[in-house]
Amino acid sequence: MVKELNEQETGRYGKFGGQFVPETLMTALNELEIAYNEATKDPSFYKELQYYLKDYVGRENPLYFAERLTKKIGGAKIYLKREDLNHTGAHKINNALGQALLAIRMGKKKIVAETGAGQHGVATATVCALFDLECVVFMGKEDVKRQALNVFRMELLGAKVVSVDKGGGTLKDAVNEALRYWVTNVEDTHYILGSATGPHPFPRIVRDFQRIIGVETRKQILEKEGRLPDAIVACVGGGSNAIGMFHPFVNDELVKLYGVEAAGSGIQTGLHAAAFADLKEGVLHGAYMYLLQDDNGFIQEAHSISAGLDYPAVGPEHCYLHDIGRVKYSSVTDDEALEGLKLLSRTEGIIPALESSHAIYRAAEIAKKMKPEEILVINLSGRGDKDVETVRAAMGGEK
Amino acid sequence: MTVKPLQIAIEKKVNTGQKAFIPYIMAGDGGLKAIRKQILFLQDAGATAIEVGIPFTDPVADGPVIEEAGNRALKEGANLKVILAEIAAFKEEIQVPLIVMTYLNPILAYGIEKFVAKCEEVGITGLIIPDVPIEEAKLIQDKIKETSIALIQLVSLTSKEDRIQKIAEVAEGFIYAVTVNGITGVRSEFGKSLDEHIHALKEISTVPVIAGFGISTPEQVEEIGSLADGVIVGSAIVKAFHEGNEKFIRELIPKVKVTE
């Protein structure tokens, strides 16, 4: 059952996924699928991608044994997959780079993207500067405020950042505007979707470009420990870093996989971003997924201190992995994530992104219950520089 | 495939050398009570059919005019359920075919079967679901096969010929020819290839071809109306109702002229 995940050609992950988009986009999606299938069979495409991943992004990044954190927790040996050390500071560049090369292959010279935390926007603006592509990034008004530094970074890189004040002014609304822009400019523009969401073939393309996280982790842990880890923990918004980490391990049934959503102010308050807490199915942004909605099918705003997890749905492959029980999903509140951030900062001298801090908090709880000879890997999806202002405000001067 | 009542109504108009005029309203904009007022007004003004838009939180196929109208309607408490109930309350007064235009998620939340049953009860003759392309249409088609409700397919300027063939094969009611790349809303001009596009579409299609997206002025209604079997006007109607400019609508409808 799990095996069929590797054979996805139809854009369906069980009942999830699909292509729920306006007709105007169907030709572009079909073209993208054809171009991508061709690229996957072209060794020169991978050679070029490999070149940039190594010499530009700085891969492979380390799988780091967090010794002090391990001692402090007093359970399993904890390793960190250091996506935070990538150029631009997060895993997002893996996908942005791959899709930019794909866009060039398709002869498209203009790029549109959405961004929540700004990491995907920065990664996209970066590759657009690198390859001389025109770049427009849509970003929710609230996120523009929360991530002012990233807005400036994108502008420095030559991108046009458009603030979206519709809806709640967060990631969902930015995706809406990016889709509208794409529908209008579809003939010369490629949409670099940043998460493992959206219509087929995006969830598959994004996952494939992020798989390098898990592929490297697998190789590195075998080198260091001579065996696979017992548990892997990653944060889940739309789910790109998590699916990239999990996918190469999905068939290794002894490796427990844990996805961590944002519980915001707490699930019971209703102000959260945990689609797996509500388990309501529906369609948004082209895919059938679990998604936050009311009884009328109106999409609800997600809430999280972390802009990158502030999305009301989870990607279709995660929904499938949830339903077959392969990945265990839970959620962590804003306050707990802040604790996770402090924990890693103090024990290892690494300030993690607020998104990754969700994974750290949950991983610490899981590791504690594990034996010292067991191994747990945390996907440290991004660094926390961008969040320092938010964290300072949230801690209210507390040190 | 059996010919559905919506197609018959449009062909009746087209076969007499006239063009179909299908205005769009955002149900609940101006309050739930405005639904009856607007539908009866458009019926009286000579609409061939009326498209009833259901507001949605994330209307990605719509431009700013309809999105803002949708947000106003949401504030008035409009949703699929109450809108259908509102229409049911005066269905005896309705003589023109009604087409419901909604995104998929509100239908899923309602339950597809329950929704279809309610549409039949209310007398809805067609559905336009902009985020359901033919690849996903089975979901709805299977449930309306035995009903008198038509699932209307959209064809865009980007649809390639083999795709248009496939769409034409499953088309019922009419084909909605999207006249611009982009979202709904006011446009100052149309691409030169539109003429050819609509002609090619009419060659292939066995159902009437109605053009929409971006048609807002009397001149455009006249121009596009001369190419297709009729026009859909959305944003301009929504705007006119919002501004209390019903006079504009009365002037717009006679612009779809009799050919010859």
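Values quoted throughout were computed directly from the atomic coordinates according to the rules given, and no laboratory measurement underlies them. Everything numeric in this text was worked out from a predicted model, so none of it was measured. No Cβ is skipped: glycine too gets one built from the backbone with ideal geometry, and neighbour counts run over all protein chains shown.
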Exercise. Using alpha carbon centroids, what distance separates segment A:113-142 and segment A:172-197, in Å?
Worked result: 12 Å
Problem set entry | Virtual spin-label span in nm between residue A:268 and residue A:145, 7 Å along Cα→Cβ | 2.8 nm
Seminar exercise, completed: Calc'd 3J(HN,Hα), segment A:247-262, phi into Karplus 6.51 cos²θ - 1.76 cosθ + 1.60 (θ = phi - 60°), Hz, glycine/Pro = x, comes to 3, x, 10, 4, 7, 8, 5, 7, 8, 7, 10, 10, x, 10, 8, 8
Seminar exercise, completed: Within the set B:85, B:168, B:211, GNM on chain B using Cα springs under 10 Å gives the largest fluctuation to B:85
Problem set entry | Dipole moment magnitude, nearest 20 debye, segment A:277-399 about Cα centre, only Lys, Arg, Asp, Glu C-beta charged | 520 debye
Exercise. Looking only at A:306, A:345, A:331, which one moves most when chain A is put into a Gaussian network model with springs between Cα atoms under 10 Å?
Worked result: A:345
Exercise. Using a simple spin-label model with points 7 Å from Cα along the Cα→Cβ vector, what separation in nm is obtained for residue B:113 and residue B:147?
Worked result: 1.3 nm
Seminar exercise, completed: Expressed in angstrom and rounded, the centroid-to-centroid distance over alpha carbons for segment A:258-303 and segment B:46-77 is 24 Å
For this session: Take every Cα-Cα pair in segment A:66-210 and report what % of them are more than 21 Å apart.
Result: 43 percent
Exercise. To the nearest 20 debye, what is the magnitude of the charge dipole of segment B:1-142 about its Cα centre, counting +1 on the Cβ of each Lys and Arg and -1 on the Cβ of each Asp and Glu?
Worked result: 420 debye
Exercise. Got the relative contact order for segment A:195-284 handy, in percent, Cα pairs under 8 Å and 6 or more residues apart?
Worked result: 26 percent
Seminar exercise, completed: Scoring chain A by relative contact order with C-alpha pairs under 8 Å, at least six apart, yields a percentage of 21 percent
Seminar exercise, completed: Note: A:279-288 gets an average of partner chain Cβ contacts (10 Å, Cβ to Cβ) equal to 4
Seminar exercise, completed: Quick shape summary for segment B:83-239, equivalent ellipsoid via Cα gyration tensor, semi-axes whole Å in descending order, reads 27, 19, 14
Problem set entry | Spacing of the two label points (7 Å from each Cα toward its C-beta) at residue B:82 and residue A:224, in nm | 5.6 nm
Exercise. How big is segment A:240-399 by the Kirkwood estimate over distinct Cα pairs, in Å?
Worked result: 16.4 Å
For this session: Round to the nearest 0.05 the FRET efficiency obtained for residue A:371 and residue B:250 when R0 = 60 Å and r is the Cβ-Cβ distance.
Result: 0.15
Exercise. Short version: what are the Cα gyration tensor semi-axes of chain A, square root of 5 times each eigenvalue, largest first, in whole Å?
Worked result: 29, 23, 21
Exercise. Where both partners of a DSSP beta bridge lie in segment B:1-149, what percent of those bridges are antiparallel, to the nearest 5?
Worked result: 0 percent
For this session: Would you list, by chain and number, the lysines whose Cα falls below 24 Å from the Cα of residue A:72, excluding same-chain residues fewer than 8 positions away?
Result: A:81, A:224, A:256, A:342, A:368, A:369, A:371, A:399
Seminar exercise, completed: Count of lysine pairs, segment B:6-83, Cα-Cα under 21 Å, sep. 8 or more residues or interchain, comes to 4
Exercise. Where nothing but the Cβ of Lys and Arg (+1) and of Asp and Glu (-1) is charged, how large is the charge dipole of the protein assembly as shown around its Cα centre, in debye to the nearest 20?
Worked result: 1380 debye
For this session: Could you tell me what percent of the DSSP beta bridges with both partners in the protein assembly as shown are antiparallel, to the nearest 5?
Result: 20 percent
Exercise. Across every pair of different alpha-carbon atoms, what Kirkwood hydrodynamic radius in Å does segment A:317-393 reach?
Worked result: 13.5 Å
For this session: Rounded to the nearest Å, what's the spacing between the alpha carbon centres of segment A:11-77 and segment B:181-221? Just the number, please.
Result: 39 Å
Problem set entry | Listed residues A:347, A:124, A:197, most fluctuating in chain A (Gaussian network, C-alpha, under 10 Å) | A:347
Problem set entry | Charge dipole of chain A about the Cα centre (unit charges at C-beta), most positive-ward option of A:181, A:129, A:268 | A:129
Exercise. If you wrap segment B:97-151's Cα atoms in a convex hull and average its projection over all directions, what's the area in nm²?
Worked result: 3.3 nm²
